[in-house]
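What follows is calculated from the coordinates using simple rules that are stated; it is not laboratory data. None of the values given here were measured: they were computed from a predicted structure. Note that we place each Cβ from the backbone using ideal geometry, even for glycine, and neighbour counts take in every protein chain shown.
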Amino acid sequence: AYARHFRVTGKSTSLLMLETEEDYQRYGIVPARDAEFVRERPAAEVVARGLAARPSDPRAAFLDELERLRDAPGIELRLDPRLEVLLPALPIDMFQAPDSTRALPAHLGSDLSQQLAAQLRGGAPDFRLVNLEAVSHARAHGAADAVRVLSSLIEAKPGDTRVAVDVAYSALAWGEPALAASALEPSARALLGRAHLAHAYALGLAAQGRDVEAIVYFEAAQQRLGAYVEGVEARELLALDYRRFLETLASGDGPLRVFAERRAAETSYSSYQGAALVVALQWTTPGTDVDLMITGPDGATCDYRGCAISGARMGLDATEGYGPEGFALHDAAPGEYRISTRYFSGARHRDDEAARALVTIYRDVGGPRAAVERHALTLERVGALADVATVNISPTSAPSETAAAGGETALEVVR
């Protein structure tokens, strides 16, 4: 009753209890009046009050939050000194979140399968079933509508970062990074402690036009990688996205142009510069090992055990969760290169725990035909092997092509 009275949702409700019946009466909490209480307080009014309570100076609020994050345990955010000097001078409107409202088609409850409809009514939708429905919507109505279907999982478990990341990975794979940011936003602060999550959120913020926040989260991802991954190659792998973003800012005439120019010049990805193909793998389950494997046109393979593909190398092999793992192919022979992942080991005593992975494919790195695409997949248990995509490397005069497993680009692969 206490949780319903104060509109607290999710697993947190079990922690919200008063000591005695008299306490409930003292606060005017009467379980029998729950429906009346909710009816008297329309959701629109609650939302309006929340919007009215937003800081009148979003720039000051943003700077205050950055100051708190300096000493936050597990985060200890440190920004480039040049950025710290620049932030207070930026226009206030650069700190205001843009309207992210999307016009999507309406659907009837009868459009859903009976099994999924029953699960949604019960508040416990199954990921596999929701995902199948989302894939169907992606084909029929577009990626944004598919992400809306997946958001049912977040509604069923509000505050569960793992679920939000699952949805965000699908949004990234379907070419909807802005919606990935929307899925992750309620957990934004917690994301700073994990490089792969901060990086995913930064991609979405960049797509939403929230350039200042995107820079902060890209920088946080670089910083956190340095804390738990040896060497610079992991940072260079994630820097492929960050530098593309900085170069976009540097090509404009906005207030961040000079900073972006200088930071882009310093943000190196020399290990991958000029590669015909780079593949990055990250995943969400801690203490687990998901491996990347590439098979070349002649059947030669490249994985953590060794690389027999000419001109290729497996630069990173993360074994304790999250990644990244990275593959690079220079001087590529023409032909088809198959990208696969294998769930090598799970957390102790949790071999049946599914691993959620994001595979990013970069082509012609730093070149005139540079392109990026992402694929999300679920590996159900240890030992699971999934083909992600096949990249066709053409002769220099022609662009390469990519086909997702199953023949459709950027669609979910579940094994």
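A few comments on the model shown:
- Net charge dipole size for the range 58-271 [Lys, Arg +1 and Asp, Glu -1 on Cβ; Debye, nearest 20]: 220
- Its DSSP H runs of at least 4 residues, each contributing -39,500 (n - 2.57), put the calculated 222 nm mean residue ellipticity of the chain at -12000 deg cm²/dmol, to the nearest 500.
- In degrees, nearest ten, helix 143-156 long axis to first principal axis of the chain (Cα): 50
- Residue (of Ala280, Phe95, Thr248) at the positive-pole extreme of the chain, dipole from beta-carbon charges: Phe95
- The long axis of helix 233-250 is offset from the longest Cα principal axis of the chain by roughly 80 degrees.
- Once Cα Rg over 2.2 N^0.38 Å is calculated for the structure shown, the corresponding label among (1) 1.06; (2) 1.33; (3) 0.98 turns out to be (1).
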